[in-house]
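> So that we are looking at the same thing, I have put the structure below in structure tokens.
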Amino acid sequence: PAWYLLYPRLNPIEAYSAALNGLVSDLVHPEVFQYFEDPAAVPFYLSGWFALVLLLVWLVVPPALGYLRFRRLDL
């Protein structure tokens with residue numbers, strides 16, 4: 001299924017690679033096209049801009065959770 005191709009992109013390194021590739025060439029990773037006959041049928045979550053969103057989530061959420069955890073601790 002197409003949603004399974006999202007799973008590797010949840011990794012921050014893959015998200016960075018896909019975002020960089022999407023911003024530079026404005027295309028989806030070439031290996032994705034082997035699963036879709038029509039390039040217009042590629043889901044939005046395999047595009048470069050969505051990989052950038054995932055990368056931003058990785059940059060914001062873990063430090064925010066760490067900050068909230070640190071703030072609640074009694075040192």
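> Within 11 Å, Cβ to Cβ, of A51, how many net charges do the neighbouring residues add up to if Lys/Arg are +1 and Asp/Glu are -1?
Within the 11 Å Cβ shell, the charges total 0.
> Okay, moving on. Carbon-plus-sulfur fraction of the accessible area of the chain, 1.4 Å probe, in percent?
Carbon and sulfur: 68 percent of the exposed surface of the chain.
> Heads up, I need the accessible area for F44: 1.4 angstrom probe, whole protein in place, Å², nearest 10.
We get 120 Å² for F44.
> A further question on this structure: In percent, how large is the relative contact order of the chain, given Cα pairs closer than 8 Å and 6 or more residues apart?
34 percent
> Along region 3-8, what does the Karplus equation 6.51 cos²θ - 1.76 cosθ + 1.60 (θ = phi - 60°) give for ³J(HN,Hα), rounded to whole Hz, x for Gly and Pro?
5, 5, 6, 6, 3, x
> Let me ask you something else. Using only Cα atoms, find the angle between the long axis of helix 12-25 and the longest principal axis of the chain, and express it within 0 to 90 degrees, rounded to the nearest 10.
Tilt of helix 12-25: around 50 degrees.
> If you fit an axis through the alpha-carbon atoms of helix 48-72 and take the longest principal axis of the Cα set of the chain, what angle between them do you get, 0 to 90°, nearest 10?
With both axes taken from Cα atoms, the answer is about 10 degrees.
> Right, something else. Give the dimensionless ratio obtained when the Cα radius of gyration of the chain is divided by 2.2 N^0.38 Å.
Its radius of gyration relative to the 2.2 N^0.38 Å reference: 1.39.
> OK, next. Taking the Cα centre of the chain as origin, work out the dipole magnitude from +1 charges on Lys and Arg Cβ and -1 charges on Asp and Glu Cβ, in debye rounded to 20.
My answer is approximately 540 debye.
The values are calculated or read from the model by the stated rules, or taken from the named source; none is laboratory data. Everything quoted here is computed from the prediction, not taken from an experiment. Note that we place each Cβ from the backbone using ideal geometry, even for glycine, and neighbour counts take in every protein chain shown. Areas reflect the complete protein model, heavy atoms only, side chains present, ligands, DNA and RNA absent. Shrake-Rupley method; radii C 1.70, N 1.55, O 1.52, S 1.80 Å.
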